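One structure is given below, encoded as structure tokens.
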Amino acid sequence: MSDVPFEEIPSLLLRTIPESAEFIAEKYEMPAEAAVLTEDAPYHIQSVLAQCFMTPILMPQLESDTPDTELLERCWDFVERLTDHSLESVRGAAYFEVLEQLLNAHGLVEAAWPYMKERTRARTLTMLDSYGVHLRGINRR
């Protein structure tokens with residue numbers, strides 16, 4: 001998987017998850033299409049992930065009794081691109097603002113697991129092991 005340039009990560013979010021547009025626009029107080037092109041947007045990647053992706057989109061889908069599976073597939077494709085990025089700051093943002101947040105709510109790792117891609121699963125297993133968290137069917141038999 002090839003890296004998307006650092007400065008294009010907010011645009012990648014908007015292209016991959018157009019549902020994030022209203023949250024990006026709200027955060028930057030301008031149309032999302034313009035906001036993702038601002039010089040500052042890439043440097044706010046952690047807050048963009050938290051406020052425009054994780055809290056309003058991904059977590060509600062994972063908590064839903066009837067999730068939009070196509071949206072979840074796109075969400076985890078996006079996370080995989082971040083998890084596989086060559087820059088530690090990008091991988092770290094995915095780790096802290098996406099994967100680690102799954103631990104804060106009961107059952108979200110399990111709900112996310114079927115949609116996660118290879119590198120994201122590997123990173124999640126490392127995270128679970130480092131926190132001493134054991135989940136049946138994921139890292140415990």
Task: Hey, Ile57 closer than 26 Å to Thr126 by Cβ and surrounded by 15 or more Cβ atoms within 10 Å (Cβ to Cβ) or not - done: yes
TODO: Only one of these is buried (at least 20 other Cβ atoms within 10 Å of the Cβ) and more than 21 Å from Asp3 (Cβ to Cβ): Leu72, Leu49, Leu135, Leu82. Name it.
DONE: Leu72
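For the range 111-121, which residues satisfy the criterion of being farther than 9 Å from Leu62 by Cα, in a helix (DSSP H, G or I) and not polar (S, T, N, Q)? Show your work before the answer.
Just the residues of the range 111-121 that are farther than 9 Å from Leu62 by Cα, to begin with: 113-121.
Now restrict to residues that are in a helix (DSSP H, G or I): 113-115, 118-121.
Trp113, Pro114, Tyr115, Glu118, Arg119, Arg121, listed by residue number.
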Task: Matching residues, the range 95-112, being out of contact with any Phe, Trp or Tyr (no Cβ under 9 Å at 6 or more places or on another chain) and on the phi < 0 side of the Ramachandran plot - done: Tyr95, Phe96, Leu99, Gln101, Leu102, Asn104, Ala105, His106, Leu108, Val109, Glu110, Ala111
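Among Asp3, Asp40, which is surrounded by fewer than 18 Cβ atoms within 10 Å (Cβ to Cβ) and touching a Ser or Thr at 6+ places or on another chain (Cβ under 6 Å)?
Working: Asp40 fails: touching a Ser or Thr at 6+ places or on another chain (Cβ under 6 Å).
Of Asp3, Asp40, the one residue that is surrounded by fewer than 18 Cβ atoms within 10 Å (Cβ to Cβ) and touching a Ser or Thr at 6+ places or on another chain (Cβ under 6 Å) is Asp3.
Bear in mind that the values in this text are calculations on the coordinates, not laboratory data. Being a predicted model, the structure only gives us computed values, none of them experimental. Positions of Cβ are backbone-derived with ideal geometry, glycine not excepted, and every protein chain shown enters the neighbour counts.
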